[in-house]
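One structure is given below, encoded as structure tokens.
The values are calculated or read from the model by the stated rules, or taken from the named source; none is laboratory data. In this text, all values refer to a predicted model and were calculated from it rather than measured experimentally. Because the Cβ atoms are built from the backbone with ideal geometry, glycine has one as well, and the counts that use them run over all protein chains shown. Heads up: the accessible areas ignore ligands, DNA and RNA and are worked out on the full protein's heavy atoms, side chains in. Shrake-Rupley method; radii C 1.70, N 1.55, O 1.52, S 1.80 Å.
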Amino acid sequence: MKAVRRACRPVCQSLFQICCKCMPVSRINQINIFYLCINYIYVMMDSIKVFLDEQLARTNTPAFAANDPVQFPRRYARLQDIEVVSFAVATIAWGNRRMILNNAARMLSNWGDSPYDYVMNEGYRALGKANVHRTFFEPDLAYMLRGFRHIFTSYGSVENLLVQREAGQAGAPAWFAASVMQAEMATANGGRCNGKCFPANIGTTALKRINMALRWLVRRDGIVDLGVWRCIEPHQLYIPLDVHAGNTARALGLLQRKSNDRKAVEELTERLRAYCPEDPAKYDFALFGAGIDRTVNTGIVL
């Protein structure tokens, strides 16, 4: 209930101010209007939750994976294979969906049956300067895989690294984990950072691709996401926010902030925690489903 009240407060206050400006009223009537606004928002939130749950049930199905980048880490059983594929594929998961899937398949085609072995045997040394996906090139991929080799050699897995750094105790595990991984990868690459792997402005960015990888690795409902990590819990996840999810959320009244940055991710996720405190990131499926099928008028063409 506290989460619901927090989520309602900004919308309720805005609605209350509009009502009072439109019709000057006494203090007693202001109080009545305020409670009417609260009731209205509660009703609206209930209807939005019903809508999101319907979209979630329709989208979060095994069939979803066949046309989503999550299909690639789902092909593996070993933790390290899943980790390196999850982060590598999530890194290029932006832009045209068909292009993402084609380029991810091409990227992984030379990695053999075990991406982990490919990394540990330094298979990335054979990479040249070819394009991988849009602005991401083979030198960027080699940088990332060199970083993973360092992490695997030093800690055994990315999860072990984050356990040692107590990522699960951080206030915002996604941004903390990204900072830790960025530092380790820089160490493996002569102290050099690569903004195409991890953004330079980690503290303020939405971290869409990292939050997507974390959703795959942490959520464990056994349907689409793999849920192989225990260092971070599902209730600590944030929505992977891109332009489509952001516009769908705004059309539903779930997001007021105009920029798709960290503050917007925090605002949206807090609203969704009111609906499901233990697993707010599951509504990523609902926002995707509503947007891709044009169920909600977002003003954009997908």
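When every Cα-Cα distance of segment 100-205 is counted in 5 angstrom steps from zero, the calculated P(r) takes the values 2, 12, 20, 22, 22, 14, 7, 1 percent.
Each principal axis of the Cα cloud of segment 54-145 was taken in turn, and the coordinate range along them, longest first, works out to 47, 29, 16 Å. Largest first, the extents of the alpha carbon coordinates of segment 170-246 on the three principal axes equal 40, 28, 22 Å. Beyond 32 Å in Cα-Cα separation lie the following of the pairs K49/K258; K258/K282; K129/K282; K49/K196: K129/K282; K49/K196. Starting from the Cα of D221, move 7 Å in the Cα-to-Cβ direction to define the label point; list residues of segment 54-78 whose amide nitrogen is under 12 Å from there. Within reach of a label on D221, which here means backbone N under 12 Å from a point 7 Å along Cα→Cβ, segment 54-78 contributes 54-62. Computed 3J(HN,Hα) for segment 111-123, one whole-Hz value per residue from the Karplus formula 6.51 cos²θ - 1.76 cosθ + 1.60 where θ = phi - 60°, is 8, x, 6, 10, x, 4, 5, 4, 5, 5, 8, 6, x, glycine and proline marked x. The alpha carbon centroids of segment 116-142 and segment 198-251 are separated by 24 Å. Solvent exposure of segment 151-191, expressed per residue, is 39 Å² of accessible area, with all protein chains present and a 1.4 angstrom probe.
Based on alpha carbons, the Rg and Dmax found for segment 103-160 are 11.5, 32 Å.
Distance between the 7 Å Cα→Cβ label points at R257 and E166: 2.7 nm.
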